[in-house]
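In what follows, a single structure is set out as structure tokens and then discussed.
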């Protein structure tokens, strides 16, 4: 069976003009039509989100956080249900504002470090690595005594180091502080829990 060029025509989802897709997953005749389709899809959702964002009284603003007034996750991020799925409002606002689909390997991060904020000027797209680096640079990560994997409090760390400096063995020190010998060895070598 011979497939003619006319048989490969499909209708654009936005403008309904026939076109030949370059890839089998293309559904729009141009990037502009794809953009408009995504913008239209987020129009109702965006208006729903904007209705629950407490925006500043002086109008659209670069500086003020637009706090989400709806339900929030445990860590404070605003979310809502839409078409049988739960969406983060910061992701919705970023996608609607920029008119793009957010790639699966990207996250929407906050410049303001305020999880319920939905101000699109406060949002940027980044990878998991970039988000973690931003968190560490701003010292919002858990470290030292606040980290859940901490085996020995900082207050006892100085006493442990002093005991090692006086000539105590790693085994005796580990027994006294009720930690593993390998942890004491790593502390002695400066591999972990460096102060400063």
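The values are calculated or read from the model by the stated rules, or taken from the named source; none is laboratory data. Just so it is clear, the structure is predicted and the values come from calculations on it, not from any experiment. In this analysis, Cβ positions are derived from the backbone assuming ideal geometry, glycine residues included, and neighbour counts consider all displayed protein chains.
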Go over the candidates 56, 64 one by one and state the one that is out of contact with any helix residue (DSSP H, G or I) (no Cβ under 6 Å at 6 or more places or on another chain), part of a loop (DSSP other than H, G, I, E, B) and either surrounded by 15 or more Cβ atoms within 10 Å (Cβ to Cβ) or at positive phi (or both).
64
The correct count of residues that are touching a residue at least 12 places away in the same chain (Cβ under 8 Å) and either more than 14 Å from the chain's Cα centre (by Cα) or more than 20 Å from residue 63 (Cβ to Cβ) (or both) in region 104-121 is 6
Among the numbered criteria (1) modelled with pLDDT of 90 or more; (2) outside any strand (DSSP E or B), which single criterion is violated by residue 132?
(1)
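Condition check ((1) outside the structural domain of residue 132 (by TED's automatic domain parsing); (2) exposed (fewer than 13 other Cβ atoms within 10 Å of the Cβ); (3) outside any loop (DSSP other than H, G, I, E, B); (4) touching a helix residue (DSSP H, G or I) at 6+ places or on another chain (Cβ under 8 Å)) across all residues:
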{"residue": "44", "(1), (2), (3), (4)": "no, yes, yes, no"}
{"residue": "50", "(1), (2), (3), (4)": "no, no, yes, no"}
{"residue": "74", "(1), (2), (3), (4)": "no, yes, no, no"}
{"residue": "100", "(1), (2), (3), (4)": "no, no, no, yes"}
{"residue": "103", "(1), (2), (3), (4)": "no, yes, no, no"}
{"residue": "108", "(1), (2), (3), (4)": "no, no, yes, yes"}
{"residue": "112", "(1), (2), (3), (4)": "no, no, no, yes"}
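A quick yes/no check of all residues on (1) within 30 Å of residue 138 (Cβ to Cβ); (2) at pLDDT below 85; (3) in the same structural domain as residue 126 (by TED's automatic domain parsing):
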| site | (1), (2), (3) |
| --- | --- |
| 5 | no, yes, no |
| 26 | no, yes, no |
| 29 | no, no, no |
| 55 | yes, yes, yes |
| 65 | yes, no, yes |
| 71 | yes, no, yes |
| 79 | yes, no, yes |
| 88 | yes, no, yes |
Regarding region 75-85, can at least one residue be identified that is over 18 Å from residue 54 (Cβ atoms), free of Cβ contacts under 8 Å to residues at least 60 places away in the same chain and within 13 Å of the chain's Cα centre (by Cα)?
yes
